[in-house]
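Down below is the structure, laid out as structure tokens.
Every read-out reported here was derived from the displayed coordinates using simple, explicitly stated rules and does not represent laboratory data. What you see is a predicted model; the values in this text were computed from it and never measured. A quick note on method: Cβ atoms are made from the backbone with ideal geometry, for glycine too, and the neighbour counts reach across all protein chains shown.
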């Protein structure tokens, strides 16, 4: 006779509630995609949307209160940082699904259950990356995210460009993961632990470790792996091709979600535990940040394809965020988080507008396709201008405040020349962002019917309106969001 | 300081020696008397036809992949079965959730027609 005793392990299941919701929804959506006869063709998309909103609600409901703690044997960290990043990532997933619902009107393969299932699974990986307290879980989460995104990149199955993008991303991404794993192995070798908190503790109590080449090698390998995901120069080569070839809704997701998760991992794994060895990485990261900004902005100047342009711009933005990484103070990290949040809104917004210029089975991504858009569709032109102004960092948008926080903190930490370079870069970037605005509003030769604008569903209107409002609100009332980011940093485990 | 990591180096050397050594030893000790029929590629006992390398249908790839996935599922069941009594109802619930996820993927694979050969 077997007697069952229900002994629940002392795990905080509430801490992973959003992830549980997302995984359940992903499975449900996958089944909906297979049993096509039982459900409506648009059911997977709306179910995925409901699931992502539910997850967002869970993040807000569980919230963050009390002291930071860890659960699942140190695997998952429950602190303000996890809360903030989970919030940002859930918003990104919801906005991406809203954009995808409309994008699916032009491309049938975007309406399948697999598409939304992969999207949600990638989101689960991102959230676990931001909340992981163990290098193994971090790596598994990174792979969950990456593999889903490799598949999503190639979702235009019949387009060669999409396949090329997926293959390039996959091959280089596999390399990047290998570097990261090797770096983790070195960290383990140096400190004897995979637990991020224990690693930090070990380095604090063994200062002689800091002079070991071993730990420097660990740092370099880890930064190469994560640098790949955030498209840091010189690991940026895949970015333009992948961003261009991927379906536009996926590009927006990739540019924001992957970056948010990877920067979260960067702060968790490197900035906090390895802070005492900052002297040995300053030069490398100084050069990397400088190159990332400059290369991104200079090459973006000559792009005629808006997706490529936004790809190079995303490289440049990674460079700005690295300023906060270099400065390293708590406020600088808060600046990074604030910037990631604004960046999510403005970038998904911009890609959302690009995703509208489609007709059945075709995308219109040349900058000249935007000619006259501002006159023919004034509201669409307006929101696109808001996103572009924000990307360029012009007040009163959130992009300006984000740059302001990052540059100020970098200046306080003494990186005068780097901030000067960042300022010059921002000025350069205004040229190519405003070029799109100029094309939209000041191209008299463009005939009115040259613009191809696909059907507009209520979903994408909500997405664009939300993103534009958020960009403006974050620019006009930045202190609330900045203190939210600040609180999350100061309750970092 | 680095001396702590010497065992890893020993391990690498040992692994290399073992791999190379067994190949070399079997080459050295094993009798080798090749003749024509013996060196031919094996095809179920009947005389082989055509080139011994041929293109394999990509269908095998999917089948092998699916086999791997569901095979690994069984591997996870063993340790759970050993500790079944100690894990109790919670362990049972956890395993059922794990199996549910796999069943979903199985249904997906099935409905997508990946299990059909033609």
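Figures for the structure shown
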| read-out | value |
| --- | --- |
| Peptide-level mean, for B:101-109, of C-beta atoms on other protein chains within 10 Å | 3 |
| Most to least packed among A:426-433, A:256-263, B:31-38, B:65-72 [average Cβ atoms within 10 Å] | A:256-263, A:426-433, B:65-72, B:31-38 |
| For segment B:2-112: rounded, prolate or oblate by the Cα gyration tensor [a/c cutoff 1.5] | oblate |
| Residue order, fewest to most surrounding Cβ atoms within 10 angstrom, among B:44, A:58 | B:44, A:58 |
| Relative contact order of segment A:13-492, defined on C-alpha pairs under 8 angstrom at six or more residues apart (%) | 17 |
| Residue order, fewest to most surrounding Cβ atoms within 10 angstrom, among A:304, A:12, A:241 | A:304, A:12, A:241 |
| For segment A:327-376 and segment B:1-67, distance of Cα centres in Å | 52 |
| Neighbour-count ranking [beta-carbon atoms within 10 angstrom, fewest first] of A:244, B:49, B:73 | B:49, B:73, A:244 |
| Per-residue average of Cβ from other chains inside 10 Å of A:206-212 | 1 |
| R0 of 56 Å, Cβ-Cβ distance residue B:78-residue A:427: FRET efficiency to nearest 0.05 | 0.30 |
| Inter-chain shielding of B:84-93 (mean C-beta neighbours from other protein chains, 10 Å cut-off) | 4 |
| Estimated translational D of the protein assembly as shown in µm²/s (Stokes, Kirkwood radius over Cα pairs; 10 °C; 1.306 mPa s) | 61 |
